[in-house]
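To start, the structure under review is shown below, and the notes come after it.
Each value in this text was obtained by applying a stated rule to the coordinates, not by laboratory testing. This structure is a prediction, so every number in the text was calculated from the model and none was measured. All Cβ positions, even for glycine, are placed from backbone atoms using ideal geometry, and neighbour counts span all protein chains on display.
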Number of protein chains: 2
Amino acid sequence: MRSETVRRSIVKAVSWRAFGSAATAALVFLFTRRAALSLGIGLLESLSKIILYFVHERCWNRIGFGKHELRPAVLWFTGLPSSGKSTLAEGVSRVLGQRGFRVEHLDGDAIRAIFPETGFSPQERDSHIRRVGHLASVLERNGVLVVVSLVSPYAESRRLVRRTCRSFVEVYVSTPLEVCERRDAKGLYARARRGEILDFTGVDAPYEAPERPELTIDTSALSPSEGLARIMDYVDKNFSTAAP
Amino acid sequence: MRSETVRRSIVKAVSWRAFGSAATAALVFLFTRRAALSLGIGLLESLSKIILYFVHERCWNRIGFGKHELRPAVLWFTGLPSSGKSTLAEGVSRVLGQRGFRVEHLDGDAIRAIFPETGFSPQERDSHIRRVGHLASVLERNGVLVVVSLVSPYAESRRLVRRTCRSFVEVYVSTPLEVCERRDAKGLYARARRGEILDFTGVDAPYEAPERPELTIDTSALSPSEGLARIMDYVDKNFSTAAP
């Protein structure tokens, strides 16, 4: 974290202008051997360059080339287990990270792994969603773009989180249950069907689909790269100025 | 969040140099009406200014004036209720914020207010400490200096948090129990003594004092501004380059 005072910048600007114009004057003197002329050009340069630099900056200000800008936001991926939330969220996080931005990926499972005492009752799930939401909102406030992948099955919990964030984008990963269950990346559906896991979303716990999500991605209809492209398109349109 | 590509910076530098030197050449021509001389000075200026700018930057690099730098860290204030943790933490957060840095103050009570379901049993307190610690470590990783004020009575929980942070500073606010109880800012000691609150640290719940805290501040021996000065001294020595 760096910061320079305005005074340092002003003193540096004056010092550079004095140094630069003295060099110009010296150069003119070297060629012409006329002291008054050299001094005159040096002084006039001092003034004109300040104005010219300003004009130069304002012109570049209108040119988008090579400029990236990203407004902090919270991209919240919600959907059934194995719907593809984490893969998509990781993709977004990687692409934005490569562009040089601060991105934090909060994964529901990873956070549960740190806090194994978090249960799966409706109340504990609700707390878990709101805690991750709180973490996301604090990061967003500190200039970070946050990508969250979390089953987050309750519409009301997600609504609460939306209210605590400044820019909340609900990405509904709408892959159908049959497809999620066929994938079953961690073998959890199979265990839930055998009754080894209780309160498993999609099997014996409800999932309340978003009514008006900002984005809906069905990973059974789109390839991972198509899904990612659609999300990045949204991010670029709403939060970032991408380099051409 | 802004970022400009290296290509944009290079193109801008070349464009400015061309623009600036063309202006110098024009200036010389205006005074002398000699085209070859003007062109020669313009070209020579282009080259020499690049070197001079570099020399100018390197010289300033050695001058500390007006330069601030702050490494992200976690300042963790632990101590009995009403010991003065929040006041000190707020002070640090205010001073660093005024210097233009990203600072986040996480207050235990404020976070409990958002999550009223957090209880006071040893297990729930431990979870609470580790959750706030996790939040602090994620913020620290994202370049934020985090100031935490939390009773955090368990040495083991604090040790776990220390391990998840990169730069962890334990500030033990060691104000004696009698003084804290006499202050009793929120009237909680009185209620705990009357048995209206159970598991209250200092009354019927233990407080494990840090064995090797980085800093110890007894607010019954130091005024708030003396305490704050001592902490800022530590921060400036270890994490920041303060402006003179």
*Quick one: of the DSSP bridges fully inside segment A:73-190, what percent are antiparallel, nearest 5?*
0
*asked:* What does the net charge come to around A:R130 if you take all other residues with beta carbon closer than 12 Å to its beta carbon, with K and R at +1 and D and E at -1?
replied: +3
*For A:R166 and A:A229, what is the calculated FRET efficiency with R₀ set at 41 Å and r taken between the beta-carbons, to the nearest 0.05?*
0.95
*In this model, which of A:K67/B:K49; A:K67/A:K237; A:K237/B:K12; B:K85/B:K186; A:K186/A:K237; A:K49/B:K49 are farther than 24 Å apart at the alpha-carbon?*
A:K67/B:K49; A:K237/B:K12; A:K186/A:K237
*asked:* Kirkwood Rh over alpha-carbon pairs of segment B:1-64, then Stokes-Einstein at 20 °C and 1.002 mPa s: what D in µm² s⁻¹, rounded to an integer?
replied: 159
*Take each of the peptides B:165-177, A:82-94, B:88-100, B:211-223, average the number of other beta-carbon atoms within 10 Å over its residues, and list them starting from the highest.*
A:82-94, B:165-177, B:88-100, B:211-223
*Label-point separation (nm) for A:E69 and A:E57, each offset 7 Å from Cα along Cα-to-Cβ?*
1.6
*Do me a favour and compute the ellipsoid semi-axes for the protein assembly as shown from its Cα gyration tensor, root of five times each eigenvalue, largest one first, whole Å.*
54, 35, 14
*In percent, what relative contact order does chain A have, based on Cα pairs under 8 Å that are 6 or more apart in sequence?*
26
*So how much slack lies between A:L30 and A:R159, counting 0.36 nm per residue of separation and subtracting their Cα-Cα distance, in nm?*
39.2 nm
*Run the numbers on segment B:87-221 and let me know its relative contact order in percent, using alpha-carbon pairs under 8 Å that are six or more apart.*
25
*How much of the calculated P(r) for segment B:100-244 lies past 20 Å, in percent of all Cα pairs?*
54
*asked:* How many angstrom lie between the Cα centre of segment A:205-241 and the Cα centre of segment A:117-179?
replied: 15
*So for the protein assembly as shown, taking the charge dipole from beta-carbon charges (+1 Lys/Arg, -1 Asp/Glu), which of A:L30, B:L70, B:S21 sits furthest toward the positive end?*
A:L30
*DSSP beta bridges in the protein assembly as shown, what fraction antiparallel, as a percent rounded to 5?*
20
*Please list the helices of chain A that count as membrane-span-like by this rule: a mean Kyte-Doolittle hydropathy of at least 0.0 together with Cα atoms stretching 15 Å or more along the helix axis, each helix being a complete DSSP H run.*
A:6-32, A:35-61
*Distances from A:R34 to the same residue in each other copy, label points 7 Å out along Cα→Cβ, in nm, shortest first?*
0.8
_Using a Förster distance of 25 Å, the FRET efficiency for A:A185-B:I114 (Cβ separation, nearest 0.05)_ = 0.15
*Please report, to two decimal places, log10 I(q)/I(0) for chain A at q = 0.09, 0.17 Å⁻¹ as given by the Debye formula with identical point scatterers on the Cα atoms and no solvent.*
-0.54, -1.23
*Enumerate by residue number the trypsin sites (Lys or Arg not before Pro) in segment B:185-220 meeting two conditions: DSSP loop (anything except H, G, I, E, B), and at most 15 other Cβ atoms within 10 Å of the site's Cβ.*
B:K186, B:R194
*Label geometry 7 Å along the beta-carbon vector: B:I51 inter-copy distances in nm*: 3.1
*For the protein assembly as shown, what is the calculated [θ] at 222 nm in deg cm²/dmol (nearest 500), taking -39500 (n - 2.57) for each run of four or more DSSP H residues and dividing by its residue count?*
-18000 deg cm²/dmol
